[in-house]
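What follows is calculated from the coordinates using simple rules that are stated; it is not laboratory data. Please read these numbers as outputs of a predicted model, since none were measured by experiment. Reconstructed Cβ throughout: ideal geometry from the backbone, glycine too, with neighbour counts over all protein chains shown.
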Amino acid sequence: MADKKNDEIKENFNSVKKQIAEAAQRCGRNPDEITLVAVSKKKSVDAIVKAIDVGVEILGENYIQEAVNKIEVIHTKSPSWHFIGHLQSNKAKVAVKYFDLIHTVDSLKLAKEINRHAEKAGKIQDILIQINISQEETKSGAAAEEGVKLAEAVSRLKFLSLKGVMGMPPFFDDPERARPYLRRLANIREAIKRENIEKISMEHLSMGMSDDFRIAIEEGSTMVRIGTAIFGSR
């Protein structure tokens, strides 16, 4: 049974990589430009280790305590860990300790708290700012019109390195309907880049999940967050 599960994860992972490459090539992009984050929330340590063994290099987690429990066990495998869930200010210290990239910085208040703990840890923390492109109350993120202002404010924080933006469109049965939202996020990233703000790179556009990552790649995503298509349903 364990071997069967290992084979399923391997097949799924290879299938996703192939689909990423095909989507990139369709729109004239280099597949190497797109980073795959395997979303492992609510998945067992055993499943995550299997994924690492078949080639997964970056894991995305949504919940701090669940992630810490896994990282403490799996740390010897040395994958990179990204935090992709809503982050409360009082969890910033833990996030700085355990994660290479935090995707979900949605306010200056949170950015300052992460910066404070990064300074104490002697670390430059890589972050993305999260934009609520869907304007849904149930989703976190700064308002679209606040993107440039937030990026400028974050750029002044010495122990943060802003690498780009992240967002999530509403869920649609037809992924094509997500395209305008994904395009909007890409446009926000470009607007920030045009400001030529010092100390920020804006190299990443983190958008696209299991249902819509092909569309997201066509719209310029550099980082897709895929869980179900790799690990199976939760």
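Between Asn90 and Asn69, what length in nm is gained on full extension when 0.36 nm per residue of separation is reduced by their alpha carbon distance? Don't skip to the answer; put the middle values down first.
On the way: separation 21, 0.36 × 21 = 7.56 nm, distance 1.78 nm.
Going from the current span to full extension adds 5.8 nm.
Which three semi-axes in whole Å describe the equivalent ellipsoid of the chain, each the square root of 5 times a Cα gyration tensor eigenvalue, listed largest first? The partial results should precede the final answer.
Details: eigenvalues 146, 105, 44 Å².
With the √(5λ) rule applied to the chain, the semi-axes are 27, 23, 15 Å.
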Calculated [θ] (222 nm, deg cm²/dmol) that DSSP helices of n ≥ 4 give over the chain, each run adding -39,500 (n - 2.57): -13000 deg cm²/dmol
Virtual spin-label span in nm between Arg156 and Asp53, 7 Å along Cα→Cβ: 5.1 nm
Computed FRET value (nearest 0.05) for Lys109 with Lys77, which takes r as the C-beta separation and R₀ as 45 Å: 0.85
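Where nothing but the Cβ of Lys and Arg (+1) and of Asp and Glu (-1) is charged, how large is the charge dipole of the chain around its Cα centre, in debye to the nearest 20? Before the final figure, lay out the partial values.
Working: 37 positive and 34 negative charges, 130 e Å.
The calculation lands at about 620 debye.
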Assigned charges on the beta-carbon of Lys, Arg, Asp, Glu; region 50-107 dipole about Cα centre (debye): 160 debye
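For Asp100 and Lys149, calculate 0.36 nm times their separation in residues minus their Cα-Cα distance, and state this gained length in nm to one decimal.
Stretched fully, the Asp100-Lys149 segment lengthens by 15.2 nm.
First measure r as the distance between the Cβ atoms of Lys120 and Glu203, then evaluate 1/(1 + (r/R0)^6) with R0 = 30 Å and state the FRET efficiency to the nearest 0.05.
On the way: r = 27 Å, r/R0 = 0.88.
The computed FRET efficiency comes out at 0.70.
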